[in-house]
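These notes are about the structure you will find just below.
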Amino acid sequence: MTEPHTAQFITSTVVGWLPVFTTDARCKIITDSLEYCRHRKGLKVHAWVILDNHIHAVVAAPDLSRVIADFKRHTARKLTEQFRTEKCEWLLDLLRRWCPGYKTDSELQFWQEGFHPQALVSDEMMLQKLEYLHNNPVARGLVAASEHWRYSSAHEWCSGVTPLLRCDPWR
């Protein structure tokens, strides 16, 4: 159970660490879904990053567990549709193999279960998670500077650049 208004650092990972967030269309599903949750479900998005096989975010919501469960269910469905449009049967086959037998309402598994919330109760903790989150693409050798990664709130701080997803103020 998370505190309703305390920012939480969360991570959601694709099953098997499969690299699926490799196109604009796939990443747009994530940013559009986060934006929807902001406007319709009370989600506050303070920071975010999308990497090829997982996402990190600093978020808050009155019922964060429910919002993230809805987000993951919706994005899994939309991404599955996208894979079908792209004719990525090989990827759909892998996602089917990851579906546990006890899941009777789905033929495949997209996200690993859970989202591992960590409460950020101080400015120091927030800054630590922001640095980690924004520098993740740099640490992985994808870009030289965090603000160069398009799918991140670090991108928001570039002068003259319209962000893909605006962040809510931290305080």
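Once the GluC sites (Glu not before Pro) in DSSP loops with at most 16 neighbouring Cβ atoms within 10 Å are cut out of the chain, the longest remaining piece is 1-85.
On the beta carbon distance between Thr162 and Met125, with R0 = 25 Å, the FRET formula returns roughly 0.30.
Per the Debye formula on identical point scatterers at the alpha carbon atoms of the chain, with no solvent, log10 I(q)/I(0) at q = 0.10, 0.16, 0.17, 0.18 Å⁻¹ is -0.37, -0.97, -1.09, -1.21. Evaluating 6.51 cos²θ - 1.76 cosθ + 1.60 at θ = phi - 60° for every residue in the stretch 132-146, the Karplus couplings come out as 4, 4, 6, 8, 4, x, 5, 4, 8, x, 7, 8, 7, 9, 4 Hz, glycine and proline recorded as x.
The helix-based estimate of mean residue ellipticity at 222 nm for the chain, built from -39,500 (n - 2.57) per DSSP H run of four or more residues and divided by its residue count, is -13000 deg cm²/dmol to the nearest 500. For the chain, the number of Lys pairs with C-alpha atoms closer than 29 Å, counting only pairs eight or more positions apart or on separate chains, is 21. Qualifying chymotrypsin sites (Phe, Trp or Tyr not before Pro) in the stretch 67-171, where qualification requires a DSSP coil assignment and no more than 11 other C-beta atoms within 10 Å, comprise Tyr102.
Readers should treat all values here as calculations from the given coordinates under stated rules, not as data from a laboratory. Keep in mind that what you see is a predicted model, and the values were worked out from it rather than measured. In this analysis, Cβ positions are derived from the backbone assuming ideal geometry, glycine residues included, and neighbour counts consider all displayed protein chains.
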